[in-house]
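Enquirer: One structure coming up, written as structure tokens, with questions to follow.
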Amino acid sequence: MNAPRQTVSYLIQRFREVGLSPDARHGQNFLVDLNLVRLLADAAAIGTEDVVLEIGTGTGSLTTMLAEHAGAVVTVEIDAHLHQLASETLIDFHNITMLQLDALKNKNRFAPQVLDTIRRSLDAAPQRQLKLVANLPYRVATPVITNLLHVQPLPVSMTVTIQKELADRITASPGTKSYGALSIWIQCQCETEILRILPPSVFWPRPQVDSAIIQVRPNPRKRAEIPDPEFFHRFVRAMFFHRRKFLRSELISFLKGQADKTTVDRLMRQQGLDGNARAEELDVQSMLALAEAVRQQIRVQGGKEQGCDLSK
């Protein structure tokens, strides 16, 4: 079955027929360049062993392309009217499960119904694997990508359109203005690549900023080299809590009650860092090494890990 031609005129007509207009609260910006919709689908290299998660069904244009090749598609739409609209387009597909709800229970967790549906789809046939493919609403892009790195089994890839600023942060190099905790947290366990920059003109309604198609591929070898991922996540967030603050000051705050300034200075010297070092100067491997040195120091002290509350 061919995908509906999701052009501006098609969308305006369909919305007019049902008395709708795009809802800015849900970040509804539809990708209307058909070549780019196809690029997004093709870049994910979908096969019959794949269970595809799509966040933001929209009118079902991308969903159709995915379902033509996937073993199963789980597509989630928060807007009840769009969900109904897409249901008419996707009615003849038997490998699509449509969910009408917020995909996120909160910013730190997926909705249980989404995870349960994914797991049932994965268990339905041998050798199945999870892929995320979506034109992600801007407001949920970061929690969707980062929360999927806590899901088991991990997705083998995430191919999504997101705000270019976020894509820059995910792929940033040390010492650049975009480099931060998110860059390190994703790059320490994934390969990342920006596939295409998208101008506002390829969306309807037009957003105020550029977008990007990005691919994130979790790397099991990289993940296995992190001794304590939960600790490392908290540590990295703490090191960037005050971005322009010296790394030494952030370490002293993080280790308050567990190590004195002399110990902090010793740990930094052992890692080849001086008192003027800042977190944004450290590459992923240097931050991993520093985090592990701090973790071992805490274990030696027998203390309890402390620091700012990074779940917020």
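What follows is calculated from the coordinates using simple rules that are stated; it is not laboratory data. Please read these numbers as outputs of a predicted model, since none were measured by experiment. With ideal geometry, Cβ positions are generated from the backbone for all residues, glycine too; neighbour counts draw on all protein chains shown.
Enquirer: When a/c reaches 1.5 or more, the comparison of a/b and b/c decides; with that in mind, is region 1-130 rounded, prolate or oblate per its Cα gyration tensor?
Expert: On the way: a/c = 1.88, a/b = 1.30, b/c = 1.44.
Verdict is oblate for region 1-130.
Enquirer: Quick one: Karplus J couplings for region 59-65, per residue in order, coefficients 6.51, -1.76, 1.60, θ = phi - 60°, nearest Hz, x for Gly and Pro?
Expert: So the Karplus estimates, Gly and Pro as x, are 8, x, 5, 5, 3, 4, 4 Hz.
Enquirer: Counting every Cα pair in region 229-301, what percent are over 14 Å apart?
Expert: Above the 14 Å cut-off, region 229-301 has 55 percent of its Cα pairs.
Enquirer: Taking Cα centroids, how far is region 193-263 from region 135-178 in Å?
Expert: One Cα centre to the other: 10 Å.
Enquirer: Amide H of Val74: which non-local residues (sequence gap of 5 or more, or other chain) have their own amide H closer than 5 Å, using H built in the peptide plane?
Expert: For Val74, whose amide H was placed from the backbone, the distant partners under 5 Å are Val52, Leu53, Glu54, Thr97.
Enquirer: Based only on Cα atoms, what mean projected area does the convex hull of region 83-198 have, in nm²? Before the final figure, lay out each step's value.
Expert: Details: hull surface 34.5 nm².
Value for region 83-198: 8.6 nm².
Enquirer: So which residue, out of Pro126, Pro220, Pro137, gets the largest mean-square fluctuation from a GNM of the chain using Cα contacts under 10 Å as springs?
Expert: Pro126
Enquirer: Additional query: Which whole-number percentage describes the relative contact order of the chain, with Cα contacts under 8 Å and a sequence gap of 6 or more?
Expert: Values: 510 pairs, mean separation 44.0, N = 312.
14 percent.
Enquirer: Quick check: the angle from helix 80-89's long axis to the longest principal axis of the chain, C-alpha only, nearest 10 degrees?
Expert: 60
Enquirer: Let me ask something else. Measure up Lys107/Lys261; Lys177/Lys256; Lys107/Lys256; Lys131/Lys256; Lys177/Lys261; Lys164/Lys256 against 32 Å on the Cα-Cα distance and list the ones that go over. All intermediate terms of the calculation are to be shown ahead of the outcome.
Expert: Values: Lys107/Lys261 35 Å; Lys177/Lys256 28 Å; Lys107/Lys256 28 Å; Lys131/Lys256 41 Å; Lys177/Lys261 29 Å; Lys164/Lys256 37 Å.
Checking Cα-Cα distances, Lys107/Lys261; Lys131/Lys256; Lys164/Lys256 exceed 32 Å.
Enquirer: Here's something else I'd like to know. What are the residues whose amide H is under 5 Å from the amide H of Phe30, where those residues sit 5 or more places off or on another chain and H is modelled from the backbone?
Expert: Trp204
Enquirer: Right, next: Using only the alpha-carbon atoms of region 173-312, report the extent along each of the three principal axes, biggest first, to the nearest angstrom.
Expert: 56, 32, 29
Enquirer: Of the beta bridges DSSP finds with both residues in the chain, what % are antiparallel, to the nearest 5? Please report the intermediate quantities before stating the final value.
Expert: Working: 19 of 38 bridges.
The antiparallel proportion sits near 50 percent.
Enquirer: Right, here's the next one. Can you compute the charge dipole magnitude of region 8-224 about its Cα centre, using +1 on each Lys and Arg Cβ and -1 on each Asp and Glu Cβ, nothing else charged? Give it in debye, rounded to the nearest 20. Numbers along the way, then the final one.
Expert: On the way: 21 positive and 20 negative charges, 157 e Å.
Using Cβ point charges on Lys, Arg, Asp and Glu, region 8-224 gives about 760 debye.
Enquirer: Lys/Arg Cβ at +1, Asp/Glu Cβ at -1, dipole of the chain taken about the Cα centre: which of Gly272, Ser87, Val133 is farthest positive-ward?
Expert: Selected residue: Gly272.
Enquirer: Hey, if you put +1 on the Cβ of every Lys and Arg and -1 on every Asp and Glu Cβ in region 8-224, which of Ser178, Thr142, Gln215 ends up farthest toward the positive end of that dipole?
Expert: Result: Ser178, furthest along the dipole toward the positive end.
Enquirer: Of all beta bridges DSSP finds with both residues in region 1-135, what is the antiparallel percent, to the nearest 5? Can you show the working numbers first?
Expert: Details: 2 of 16 bridges.
Just about 10 percent of them are antiparallel.
Enquirer: Most mobile of Arg244, Arg234, Arg169 per a Gaussian network model of the chain (Cα springs, under 10 Å)?
Expert: Arg244
Enquirer: Which percent of Cα pairs goes in each bin when the distances of the chain are cut into 10 angstrom slices starting at zero?
Expert: 6, 26, 30, 20, 12, 6, 1, 0
Enquirer: In square nanometres, what is one fourth of the surface area of the convex hull spanned by the alpha carbons of region 190-260? Kindly include the intermediate steps, with their values, before the conclusion.
Expert: Working: hull surface 31.4 nm².
Mean shadow area of the hull around the Cα atoms is 7.8 nm².
Enquirer: Moving on to the next point. Read phi for every residue in region 224-233 and hand back ³J(HN,Hα) as whole Hz from Karplus 6.51 cos²θ - 1.76 cosθ + 1.60, θ = phi - 60°, with x for Gly and Pro.
Expert: 5, 8, 9, x, 9, x, 5, 5, 4, 4
Enquirer: Related question: Most mobile of Arg223, Arg196, Arg299 per a Gaussian network model of the chain (Cα springs, under 10 Å)?
Expert: Arg299
Enquirer: Follow-up question, since we're still on this one. Nearest-5 percent of antiparallel DSSP beta bridges in region 113-216? Mind showing how you got there, number by number?
Expert: Numbers: 12 of 17 bridges.
Percentage antiparallel, nearest 5: 70.
Enquirer: Which residues' amide hydrogens lie under 5 Å from the amide hydrogen of Glu191, considering only partners 5 or more residues apart or on another chain, with H built in the peptide plane?
Expert: Close amide H contacts, sequence-distant or interchain: Arg217, Asn219.
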